[in-house]
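Q: Please see the structure below; I have some questions.
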Amino acid sequence: MAPKQPPKGRVNIKGVHRKPKQFLRNSVSNDKKVRIIEYFRSHGMSATVAKFYPTISKEHCKTKKRQIYKWIEKESVIGDAIEKGGGSLHKNRNSGLSTVLTVDDEDQLAHWVRDMRREGVPVSPFMLECRAKEVAEDAGVPTDSFAASSSWRKRFLDKYCLALRRKTRIGQNTPADSDQIAREFRSKKIEEEGIVEIYNADETAMNYEYLPTRTYDARGARTIWIRNAGAEKKRMTVMLLADMHGIRKTPFAVFKQPSSKVKETEEFNRKAQNGFGRTLWKEVCPLMDKHDVQIYCNPKGWWNGELSIKFLRYHFSSRESLGEKILLLWDDFSGHWTSAVEQYAESINVVLMRIPPGYTSTCQPADIAWMKPFKLELRGLWVEYLQQQLRAHQESGAPGKFKLEAPSRATLMTWMTNAWENLSIDTLASGFRKLAIPTDTRAIPLENSRLQAKEVDVLVQKLERFAITEEVENDFGKWIGHFMGCLDEDIGRPIVLACDGCSSHLGYDAERRAKELGVILLCFPPNATHLIQPLDVVVFKTFKSDVIKFMRRV
């Protein structure tokens, strides 16, 4: 029977084969070393090399002689090894290299590590090495005999179930203190004031690029290069708001933009155009309407007291239950706690509650539940954006090198709104649940007192008259025609139609159609619709509130 062939193993698909052995280094046993030394004493070095290494080249002859001289210096060590039965061994370890600490000394060192970590003090490999040398010195071990090498540290860590870990939290407060503060925090004002509506707002930085700090590359490469778009340092600020039921609110975004050098122009931009100049304001306005987001800018691109007042005015000044107190959880950022902010919050019945400094990870619902999935969504959108650019470059077949482009403001707004809307209601509400905040125990009425059955029938008839379900696309002029057709006979007086500053409302076709039908278009000032537009002031707030309550009941 023919012998079986050895298994081939896995199929080589890369064409890279293992480098064949060259047998350049051959170790020598102790028995042979003794024979070589005895022959050297009677015949000399040249005859010894010719006797035991006849095929050696002239270039390596000097190296082999140097090796034999080292064996002669360690003749006593080699002889001791042979007497102990180590004649077949090829290596002899020098005394002192395997010196270790006693069991009691290592136990003392392990207790020191745990005491340091119990106090939150980091213990690095260098600190462990220094402490181990101190323990060895106290135990009488010579300093040149114990080096606390990496192999000793590995054995020590394995023995005591220790590992080198990356930090997940930093601060002056221990986790136990954080839990105690959280328990006191949730019952401080919530139960004292009898508040049932609780909100949490938190600002965070949103980067233009989310470059990873690590990447897969060839092993041993000294330079690990990552392509960027030149915007890895650029960022914007996002302020997110949600209530205890998991209902998300309109976010605020703050870009970094230098202010005008003309004082009057800068003041006008700040009051009427959210800080933007005339050209940028034309770009920002459609983004605010499209994504339902409030966009501002300032020279630093960060939050401040003025934005805090605008934030409170936008979200809480026109709410339905203005007479009832609501609670807003805010961190200790200085821009949240200016005297002007506190006075305005008190005027609209908003109770501001300061989250204890250093305890946001356990007392702020946003840090507990929202921010991590929000940042993960942003990172995923950036990776998708990168792949789209790379795919477009490959499909175009352009001869030049691939150049990564930084995202525009429109792209950033799309990312922010998508990431914010992808967070589920349960995720947003879980931050409040983990904080054990008392829930709203008020009973939801089965019928809304503002919309009785008769009023609902009248509303349905009016909606049918206005043909509200008919497709009119984005042509505002066509909608004006439908609006006029639904009115009664000639009313004998001009008609004023008030609308916001959306670009489709002020287009040439819309103005021409309105003029033909005798309709006067009145545009509300930008960024003031929540104060003077009746639909934003009353109707939409009530409508959204009713829809939310209905969905909860269902």
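Q: When the Karplus curve 6.51 cos²θ - 1.76 cosθ + 1.60 is applied with θ = phi - 60°, which whole-Hz ³J(HN,Hα) does each residue of the stretch 392-397 get, with x for Gly and Pro?
A: The phi angles translate into 5, 5, 5, 6, 6, x Hz.
Q: Can you tell me how the stretch 91-157 classifies by the Cα gyration tensor, rounded, prolate or oblate, using a/c under 1.5 as the rounded cut?
A: Values: a/c = 2.34, a/b = 1.88, b/c = 1.24.
Since a/c reaches 1.5 and a/b is larger than b/c, the shape of the stretch 91-157 is classed as prolate.
Q: A further question follows. Given 0.36 nm per residue, what is the gain on full extension from Ala410 to Arg433 after removing their alpha carbon distance, in nm?
A: Full-extension gain reported as 4.8 nm.
Q: May I pose another question? Quick check on the exposure proxy: order Glu264, Glu516 from fewest to most C-beta atoms within 10 angstrom.
A: Numbers: Glu264 8, Glu516 12.
Ranking Glu264, Glu516 by Cβ neighbours within 10 Å, fewest first, gives Glu264, Glu516.
Q: Considering only Cα-Cα distances, which of the following residue pairs are longer than 32 Å: Lys133/Lys167; Lys19/Lys91; Lys64/Lys133; Lys91/Lys133; Lys19/Lys159? Could the numbers behind the result be given before it?
A: Values: Lys133/Lys167 26 Å; Lys19/Lys91 26 Å; Lys64/Lys133 39 Å; Lys91/Lys133 28 Å; Lys19/Lys159 37 Å.
Those over the limit are Lys64/Lys133; Lys19/Lys159.
Q: Let me ask something else about it. So which of Lys234/Lys282; Lys234/Lys263; Lys21/Lys401 end up more than 30 Å apart by C-alpha? It would help to have the intermediate numbers written out before the result.
A: Values: Lys234/Lys282 22 Å; Lys234/Lys263 27 Å; Lys21/Lys401 42 Å.
Exceeds cut-off: Lys21/Lys401.
Q: Could you give the size of the charge dipole of the stretch 103-159 about its Cα centre, using +1 on the Cβ of each K and R and -1 on the Cβ of each D and E, expressed in debye and rounded to the nearest 20? Present the calculation step by step, with values, prior to reporting the outcome.
A: On the way: 9 positive and 12 negative charges, 77 e Å.
That gives a dipole near 380 debye.
Q: At Ala498 and Trp302, where each label point lies 7 Å from the Cα along Cα→Cβ, what is the point-to-point distance in nanometres?
A: About 4.0 nm, to one decimal.
Q: If you plug each phi of the stretch 308-317 into the Karplus form 6.51 cos²θ - 1.76 cosθ + 1.60 with θ = phi - 60°, what whole-Hz ³J(HN,Hα) values come out, in order, with x for Gly and Pro?
A: Computed from phi, the couplings for the stretch 308-317 are 5, 5, 5, 5, 5, 5, 5, 8, 10, 6 Hz.
Here, each number is a calculation from the coordinates, and none is a lab measurement. Just so it is clear, the structure is predicted and the values come from calculations on it, not from any experiment. Cβ sites come from the backbone with ideal geometry, for glycine too, and all protein chains shown count toward neighbours.
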